[in-house]
Structures are given as C-alpha cells and as structure tokens.
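Everything below concerns the one structure shown next.
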Amino acid sequence: MKKQKKDNKESIYRIDYDKTVIFKERVTRFTVRFEFKGKEKEKGEDFAHLHDTGRLKELLVDGAELLIKKADKEERKTKWDVIAVKINNETVLINTAFHRYIAESIFNNEKVSPFEKPSYIKPEMKYNNSKMDFYMETEKDKIYIETKGCTLVEDNIAKFPGAPSVRAVKHLRELMELKKEGFRAAVIILIFRRSEIFAPEHNIDREFSETFYEAMEKGVEIYPILLKYEDKNIYFEKNVGIVEKSVLFQEKK
C-alpha cells in the first residue's frame with residue numbers, strides 16, 4: 001500500500017474505516033451502542049465490537065463521533081468494529097488490535113525506530129509462562145520488546161495504565177529477568193493523544209508505577225512515541241520524555 005505524506009510527515013501505517021457514527025453507550029466491556037448520522041439516520045441504532053479493555057471514560061462520552069469499519073466475518077453478532085473516536089478536535093485510535101502492526105512498522109522504519117535495522121522479527125515470542133510481544137534481532141543485539149497503547153492524557157501528560165494491570169507488571173518483571181540474562185529489553189509505549197511527556201499512572205496502579213521505574217533503573221529501555229491518526233493513516237509525531245521518578249513520587253505524597 002502506497003504511503004501517504006502530510007505536512008512532510010510520512011505515514012507509517014494505514015487503518016481504514018467505513019463510516020462515522022454517534023456513540024451512545026458502552027453496553028459491555030467489548031460492545032458499544034451507536035446511532036447512524038446524516039442520511040443514514042433512519043437506520044436507527046446498531047452495535048459495534050470494541051477491541052480495547054481500558055476504561056476510556058474520558059473518550060467514550062455520549063455524542064462523540066466513532067469511526068467504524070464493517071466486520072470481516074458475517075456470522076459475528078456485531079457487524080461493526082470500532083476503529084477510533086473523535087473528541088475535542090482529535091481523532092484517537094481505540095482499537096488495540098492494530099498495536100502490533102503499528103509497532104512492527106516502526107521497527108522497520110529506520111527514520112523513527114529506536115533500534116537498529118532488524119534482521120529478524122518474531123511476534124508473540126514465548127518466555128517462561130507468557131508471551132512477549134516481539135523478539136527482534138539486529139546485527140548487534142537480541143531484543144525482547146513489549147508494546148503498550150496509551151490513550152489516557154491529563155494536563156498534557158500521557159499516562160498508562162488506564163486501569164490496574166497485573167499483566168503489565170508481570171511483563172516488566174519478565175523484561176528485567178531477560179535483561180539480567182544478557183538480552184536487550186524494551187517497552188514501546190504508543191501514545192495516541194496529544195501530550196508533551198509520559199508518566200506511569202501512579203494513582204490507578206501504584207505497583208505498575210514503582211515497577212516501571214525499577215525496570216528503568218535495571219536497564220529496561222522505555223520508548224514513549226507520540227503518534228497521530230489522521231486521514232486513515234498513522235503518523236509519527238515525536239519521541240516523548242518520561243517524568244522523573246523523584247518528581248512523580250513527590251507529587252503523589
């Protein structure tokens with residue numbers, strides 16, 4: 001697929017959608033109710049699958065616009081998939097199924113990747129009793145990588161997780177073990193909302209926050225990357241810094 005350019009920025013991944021509708025309600029963890037708009041309004045309401053387990057309360061508000069795509073499998077109960085939500089003049093990707101492909105596109109793009117050119121990439125590499133998102137080899141290194149999607153932003157600070165995550169803590173501990181074994185270990189944080197800096201969400205998950213900084217101290221590499229979803233394309237915006245541990249913990253005392 002041909003890459004698009006906007007404001008001299010090159011698309012790193014394309015994500016199509018079919019319609020723009022109006023969000024009405026989150027019915028279950030994975031289902032939302034929406035209403036058609038414009039000339040299709042007479043169709044009434046329908047339901048779409050939401051591929052994101054986060055709370056998303058600040059994004060999924062009554063009246064927000066959803067970008068949806070027709071589901072590939074006709075036998076599914078929900079005929080649509082949620083791709084993104086439009087709110088406050090911003091389009092935010094809220095479909096975590098694309099995180100893997102966006103991350104892999106970043107790894108293969110020498111202009112934006114935090115790593116050297118990969119010679120080998122394997123998704124979902126088993127380690128102990130779980131799977132790491134990626135195992136990658138470059139000319140010099142063997143790297144285990146976890147990816148996290150971030151849509152929670154407060155006061156221009158991107159924050160993760162949006163809900164307590166035992167799984168995320170487990171992955172950080174496994175990356176520390178891999179680092180101890182001699183591998184490079186890294187976390188790629190894909191940020192999908194405008195923000196200036198990243199911090200672990202201390203109020204929501206204190207254990208994750210403390211483990212996050214422990215992992216950094218033990219050599220696990222953390223790369224928060226700001227992305228933008230526009231015109232059906234994901235664009236790289238910039239690399240984002242991390243709030244220092246002493247600053248965050250002082251603020252939360």
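The values are calculated or read from the model by the stated rules, or taken from the named source; none is laboratory data. Since the model is a prediction, treat every value here as computed from it, not as a measurement. All Cβ positions, glycine included, derive from the backbone under ideal geometry; neighbour counts span all protein chains shown. For the accessible areas, the whole protein counts, side chains as well, though only heavy atoms, and no ligand, DNA or RNA atoms are used. Shrake-Rupley method; radii C 1.70, N 1.55, O 1.52, S 1.80 Å.
A few points about this structure:
- Screening region 132-154 for residues that are in a loop (DSSP other than H, G, I, E, B) and among the acidic types (D, E) and picking the one that is least open to solvent (accessible area, probe 1.4 Å) gives D141.
- Restricting E45, E25, E74 to residues that are out of contact with any strand residue (DSSP E or B) (no Cβ under 9 Å at 6 or more places or on another chain) and open to solvent by 70 Å² or more (accessible area, probe 1.4 Å) narrows the list to E74.
- Residue count for region 71-126, restricted to those that are among the β-branched types (V, I, T) and under 16 Å from the mean Cα position of the chain (by Cα): 9
- Matching residues in region 214-239 - criterion: being closer than 15 Å to A199 by Cα, open to solvent by 10 Å² or more (accessible area, probe 1.4 Å) and touching an Asp or Glu at 6+ places or on another chain (Cβ under 9 Å): L226
- One residue stands out among those in region 190-206 that are outside any strand (DSSP E or B), open to solvent by 10 Å² or more (accessible area, probe 1.4 Å) and modelled with pLDDT of 95 or more: the one that is farthest from N89 (Cα to Cα), which is E196.
- The single residue among K159, K180, K117 that is of a type in the set (K, R), within 29 Å of K9 (Cβ to Cβ) and touching a residue at least 24 places away in the same chain (Cβ under 8 Å) turns out to be K159.
- In the set (1) open to solvent by 70 Å² or more (accessible area, probe 1.4 Å); (2) touching a Phe, Trp or Tyr at 6+ places or on another chain (Cβ under 7 Å); (3) within 29 Å of S11 (Cβ to Cβ), K245 fails one condition alone, (3).
- As a summary of the residue check, N129 satisfies the conditions (1) among the polar types (S, T, N, Q); (2) surrounded by fewer than 19 Cβ atoms within 10 Å (Cβ to Cβ); (3) in contact with a helix residue (DSSP H, G or I) (Cβ under 8 Å, 6 or more places away or on another chain) except for the one numbered (3).
- On the stretch given as region 159-186, residues that are more than 20 Å from V243 (Cβ to Cβ), open to solvent by less than 30 Å² (accessible area, probe 1.4 Å) and part of a strand (DSSP E or B) total 1.
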